[in-house]
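Accompanying notes for the structure given below.
The values are calculated or read from the model by the stated rules, or taken from the named source; none is laboratory data. This structure is a prediction, so every number in the text was calculated from the model and none was measured. Every residue, glycine as well, gets a Cβ built from its backbone with ideal geometry; the counts of neighbours run over all protein chains shown.
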């Protein structure tokens with residue numbers, strides 16, 4: 001087990017700077033998820049932790065051990081690759097034992113650890129097979145097994161679920177988290193899937209264009225996104241954004257948009273950032289909407305009924321808007337639906353940073 | 001999933017295969033018939049059957065010489081040793097070169113590869129005379145070593161092309177996984193990349209072996225002494241300018257084929273491609 005301390009890491013490939021000063025702190029034993037769109041640098045960051053890429057600047061410490069310039073094999077890590085990277089010429093048993101044999105572990109010890117890992121992951125009947133004779137899900141489990149037999153102080157996962165079908169993915173996601181809780185080793189997990197990020201993480205790092213946009217507990221990041229990017233990236237369907245202008249009105253400030261949109265803003269939440277005439281972006285999550293007279297109306301042009309809930313698509317204040325409604329809500333296409341916005345977010349029009357005042 | 005094949009399809013497929021095999025084997029059967037015929041060649045006939053079947057030609061060719069030495073045995077060994085050495089040297093040099101070209105950024109890589117390709121444009125005959133002069137200067141005329149050096153110089157570029165493609169097809173993930181698992185870069189190459197590339201290496205080595213084993217022009221130019229001959233040169237001597245001993249030529253051809261067939265038999269397990277499939281996703 002180890003804590004991970006990454007300080008001001010920079011990495012460039014040719015002219016492209018992929019990591020632009022990234023700092024990450026992962027406490028001992030916790031499950032950290034690096035999440036972001038493709039090209040955000042999350043995989044490069046993971047590969048730098050593994051030692052497969054060398055950092056140009058900055059330092060990486062596992063506990064107080066400086067590993068920045070160490071070879072992968074000297075870092076005491078195990079990694080599960082997106083492609084699984086099982087050795088094609090070795091049976092499942094030999095795949096699991098490969099790392100232990102390289103480290104000259106006694107054969108009796110290897111046998112014991114392979115047996116334990118195959119017990120944990122249900123690999124028993126597969127041990128004598130070659131990787132090509134396994135299904136995708138089985139290969140994924142072997143890749144996990146190869147990591148856990150090593151008993152490393154740090155597990156690295158590079159999008160390990162992206163090659164599985166949806167049903168299996170949900171199952172393996174749960175299995176991975178349970179395994180982590182059982183083994184207690186620190187894990188760093190890369191994904192572009194925000195559901196995986198939200199469900200697996202103790203601490204989540206949202207990366208964008210080579211920088212960490214926000215770090216924190218998943219729900220905290222979800223509820224209080226620091227930037228418009230984070231707000232848009234987490235949550236499905238994505239947060240709605242409407243261009244507004246902040247206006248002083250009787251009894252406080254309001255956000256005014258096109259087509260008569262006018263939303264009251266809570267001075268306690270947004271504090272000093274409320275200035276008369278300031279251009280801003282109003283953010284509303286689809287599930288933070290409820291039916292009711294609140295001075296806002298959604299011009300519905302499509303209703304998606306999913307069963308337990310419905311999504312009403314339409315126009316609000318001149319922008320596309322999605323509202324999550326109970327399945328029982330009587331909503332029809334073409335209707336002007338009166339809605340109330342339970343929670344609103346406000347972002348700077350230029351920088352995209354949240355206008356929520358410091359708490 | 002394998003599609004189930006209907007009986008009619010199966011019969012049709014086998015019929016086509018029988019015709020194809022007969023087409024390919026018919027001339028070979030004539031060689032067999034010749035090899036077991038007496039000095040008088042068999043009459044042109046639909047069925048390749050030997051006239052007055054005898055083992056005479058085989059014994060003449062493969063047996064001991066008049067002076068009591070087993071010349072043919074020595075020539076057979078020449079061929080096998082030269083071909084094995086060519087395959088070994090060629091593949092041995094090509095493996096590291098191809099791996100470097102496949103994985104690393106090498107200064108002048110593309111230019112170098114093109115130059116390598118350019119060396120393959122010239123026919124062997126064009127280089128026969130310069131090679132003769134070179135080997136003469138090096139004292140390697142009439143030697144197996146000299147022949148291996150010449151053969152390897154043409155088998156190496158070809159092997160590099162073959163193996164570079166094979167190494168490029170092996171995902172870098174495999175090596176990285178091995179390195180995370182505790183291997184050095186060299187151990188990862190030795191224990192993961194080489195085994196994964198084994199079918200390609202086997203095919204490449206077999207090609208090098210075959211081209212050296214069958215090569216005639218350089219062997220005929222560079223080898224002057226009978227006891228250093230390789231089998232293609234020996235065979236050619238049977239159908240000389242004045243006296244064509246076709247039954248001896250055919251018997252020799254049969255014996256020549258045996259090592260090649262044995263090699264294919266042994267290698268066929270390695271020739272089955274697709275060993276890498278399944279290592280990564282899929």
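If you go through segment A:65-102 and keep only what is at the interface with another protein chain (Cβ under 9 Å from one of its Cβ atoms), assigned to a loop (DSSP other than H, G, I, E, B), touching a strand residue (DSSP E or B) at 6+ places or on another chain (Cβ under 6 Å) and farther than 24 Å from residue A:125 by Cβ, you end up with just A:82.
Within segment B:160-174, one or more residues are closer than 30 Å to residue A:83 by Cα, touching a residue at least 24 places away in the same chain (Cβ under 8 Å) and outside any helix (DSSP H, G or I). The residue pairs whose first member lies in segment B:27-49 and is closer than 17 Å to residue B:60 by Cβ, whose second member is at pLDDT below 75 and part of a loop (DSSP other than H, G, I, E, B), and whose beta carbons are closer than 8 Å, counting only pairs six or more residues apart or on different chains, are B:33/B:42; B:34/B:41; B:34/B:42; B:37/B:51; B:38/B:51; B:40/B:51; B:41/B:51. One residue alone among B:198, B:185 is surrounded by fewer than 21 Cβ atoms within 10 Å (Cβ to Cβ) and at pLDDT 90 or above, and that residue is B:185. Could we say that residue A:139 is at the interface with chain B (Cβ under 9 Å from one of its Cβ atoms), in a helix (DSSP H, G or I) and within 26 Å of the chain's Cα centre (by Cα) here? Taking the combined requirement at face value, the residue satisfies it. In summary, no helices (runs of 4 or more DSSP H) completely within segment A:186-266 bear 3 or more residues that are in contact (Cβ under 8 Å) with a residue 40 or more places away in the chain, within 30 Å of residue A:336 (Cβ to Cβ) and in the same structural domain as residue A:156 (by TED's automatic domain parsing).
Suppose the filter is in contact with a helix residue (DSSP H, G or I) (Cβ under 7 Å, 6 or more places away or on another chain), assigned to a loop (DSSP other than H, G, I, E, B) and within 23 Å of residue B:156 (Cα to Cα); does residue B:106 pass it? So residue B:106 passes the test.
Within the bounds of segment B:171-190, is there any residue that is at the interface with another protein chain (Cβ under 9 Å from one of its Cβ atoms) and closer than 26 Å to residue B:268 by Cα? There is at least one residue in segment B:171-190 that is at the interface with another protein chain (Cβ under 9 Å from one of its Cβ atoms) and closer than 26 Å to residue B:268 by Cα. Would you confirm, using the coordinates I've provided, whether residue A:149 is closer than 21 Å to residue B:171 by Cα and more than 7 Å from every other protein chain (Cβ to nearest Cβ)? For residue A:149, the condition - closer than 21 Å to residue B:171 by Cα and more than 7 Å from every other protein chain (Cβ to nearest Cβ) - is not met. Taking the numbered list (1) in contact with a helix residue (DSSP H, G or I) (Cβ under 7 Å, 6 or more places away or on another chain); (2) crowded, with 20+ Cβ neighbours inside 10 Å in turn, residue A:127 passes all entries but (2).
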